[in-house]
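One structure below.
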Amino acid sequence: MNTLAKLDRAHVWHPFTQMRDWLRREPIVITSGKGAVLRDVHGRKYLDANASIWTNLHGHQHPKINAAIARQLRKISHSSALGFANEPASLLAARLVNLAGKPLNKVFFSDDGSTALEVALKLAHEFTRRSRGPKTKPRFLSLDGAYHGDTIGAVSLGHIDQFHKAYGGMLFKTDKVMSPYCYRCPFNRAKPERADAREYRKCNWECVGKVEQKFFAQKKRGNPYAAFVYEPLLQGAAGMIPQPARWLKRVTDIARAHGALLIADEVMTGFGRTGKHFASQREGVPPDFLCLAKGLTGGYLPMAATLTTQRVFDAFLGEYEEFKTFFHGHSFTGNQLGASAALASLEILQSQVSKITRVKLETNFAQKLQSLWALPNVGDIRRAGLVAGVELVRNWCTREPFALRERAGIRVCEAMARRGVLTRPVGNVIVLMPPYCTTPAEVRRMVSALRESVTEVLGGRKEKTPGF
Ligand SMILES: Cc1ncc(COP(=O)(O)O)c(C=O)c1O
């Protein structure tokens, strides 16, 4: 085992990782990356098939982002936003506002997805108390299967028992409401015309009805929800679950009608992942808070932003001694290196070449994924733009899932790593999220590594007829 691997095993505690499993094998130690390829300490190459946990946009070592950071390094790496403005953060705020569109015109910078959510939560909480009266106890509604990060506020919004239940005693209470999961629709509407279709027959929008009921019930209790928190178009950690077309518009219309603020968590869906710059733009639903992180810097540096409106901003204006100030901030808020990387990344994202490349990549990605329907252990293939989740099941006819302790997703990802393709499952869902620079040959390799690994690990060799 090489020295770096030994040091890691001796001292590093990895996130979301059972360290007993980790200590059983030699870890892959990444030493460099270029484009969609990562290289380890032995010189082995791997495809970065989940964009380094959903962060990377344009590939590693992008010359323009590297140059922007190097230019900024020659000026200054960091000065505090508590008391001072700085060049790249001001430019970035203006650019983000322009990209997001009205009515979002204020930007609060922080460090990562979780803190972007904390900022939105605290602002929404305080805004509600100021508009409804100081005795109000603002209450939040989020979606079943929600994951919004690992800080206490973000965990309070989360509804994945495996991640969140243990901390119950530390959290504040939020409510959850059904989110659409058409493949496992409890109303038994999951009979698509074709296996890969997103339009479902006979759907009466029962899941939307559930949202409406929840809002009515809360209003009856005399304390309408302060805010509705959601990942637009696609719930990531829930299992890459796309929402059917028009779901977002319908539920946000209901939330608005009940006076709730909208908090859109686009930590994963932002920056072109689902086609538009932001997933909220797909159905024309501007939120009151837009939370961004991961791809903000092209996946280079930890930086986040919470965009909000003039209306919210104004509620925090007052004389010094009124203490209406938003008492929140982080040491590295508005960091110059992060902001420079973000500016360069947005420049690339908005270029014509990048747009054309993404459209071609999406077409290619969608086509290649089709071949996986033939595998008996593939129950569902879900895709929104350049994100896909492939749900592994014991039996595709009955949709019987694998028990989590069977580690089907993990074992398939380990087999993919042996084939030179790196990704991480969410439960039994294998995530493919290619960086935007991924070539057609690399897409083919990602998909064939997945196909071969499913067959090797889960054994089902009898091909099924594509479609139901
Ligand atoms: C939708 C969503 N929100 C928030 C987060 C938390 O982001 P971070 O890990 O940067 O704190 C994540 C992370 O995966 C996410 O997917």
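Looking at the range 231-246, can you tell me whether even one residue there is surrounded by fewer than 22 Cβ atoms within 10 Å (Cβ to Cβ), closer than 27 Å to G389 by Cα, more than 16 Å from the ligand (Cβ to nearest atom) and among the hydrophobic types (A, V, I, L, M, F, W, C)? Yes, the range 231-246 contains a residue that is surrounded by fewer than 22 Cβ atoms within 10 Å (Cβ to Cβ), closer than 27 Å to G389 by Cα, more than 16 Å from the ligand (Cβ to nearest atom) and among the hydrophobic types (A, V, I, L, M, F, W, C). Of the helices (runs of 4 or more DSSP H) lying entirely inside the range 1-94, those containing at least 1 residues that are loosely packed, with under 13 Cβ neighbours inside 10 Å are 3-11, 19-22, 63-73. Taking the range 423-452 on its own, how many of its residues are crowded, with 19+ Cβ neighbours inside 10 Å and either of a type in the set (D, E) or without any contact (Cβ under 8 Å) to a residue 12 or more places away in the chain (or both)? Matching residues across the range 423-452 total 1. Taking the criterion of being within 16 Å of the ligand (Cβ to nearest atom) and of a type in the set (A, V, I, L, M), the residues of the range 73-123 that qualify are A116, L117, V119, A120, L121.
Return the pairs, sorted by first residue and then second, in which the second residue is aromatic (F, W, Y) and not in a strand (DSSP E or B), the first residue lies in the range 32-57 and is within 16 Å of the ligand (Cβ to nearest atom), the beta carbons are less than 9 Å apart, and the residues are 6+ apart or on different chains. Listed pairs, sorted by first residue: A51/Y436; T55/Y300; N56/Y300; N56/Y436; L57/F271; L57/Y436. Here H330 meets the list (1) buried (at least 16 other Cβ atoms within 10 Å of the Cβ); (2) closer than 22 Å to L157 by Cα; (3) away from the ligand (no atom under 16 Å from the Cβ); (4) more than 21 Å from the chain's Cα centre (by Cα) almost entirely, failing just condition (3).
Checked against the criterion of being closer than 14 Å to F228 by Cα and not in a helix (DSSP H, G or I), the range 178-187 has at least one qualifying residue.
Scanning the range 134-173 for residues that are assigned to a loop (DSSP other than H, G, I, E, B) and within 15 Å of the ligand (Cβ to nearest atom) turns up D144, G145, A146, Y147, H148, G149, D150, T151, G158, H159, I160. Among the residues of the range 247-262, is any part of a loop (DSSP other than H, G, I, E, B), over 23 Å from F127 (Cβ atoms) and either in contact (Cβ under 8 Å) with a residue 12 or more places away in the chain or not polar (S, T, N, Q) (or both)? Among the residues of the range 247-262, not one is part of a loop (DSSP other than H, G, I, E, B), over 23 Å from F127 (Cβ atoms) and either in contact (Cβ under 8 Å) with a residue 12 or more places away in the chain or not polar (S, T, N, Q) (or both), which makes the answer no. Of the set (1) of a type outside the set (D, E, K, R); (2) in contact (Cβ under 8 Å) with a residue 60 or more places away in the chain; (3) closer than 24 Å to E231 by Cα; (4) away from the ligand (no atom under 13 Å from the Cβ), all apply to T306 but (4).
Each value in this text was obtained by applying a stated rule to the coordinates, not by laboratory testing. The structure displayed is predicted, hence computed values, not measured ones. A quick note on method: Cβ atoms are made from the backbone with ideal geometry, for glycine too, and the neighbour counts reach across all protein chains shown.
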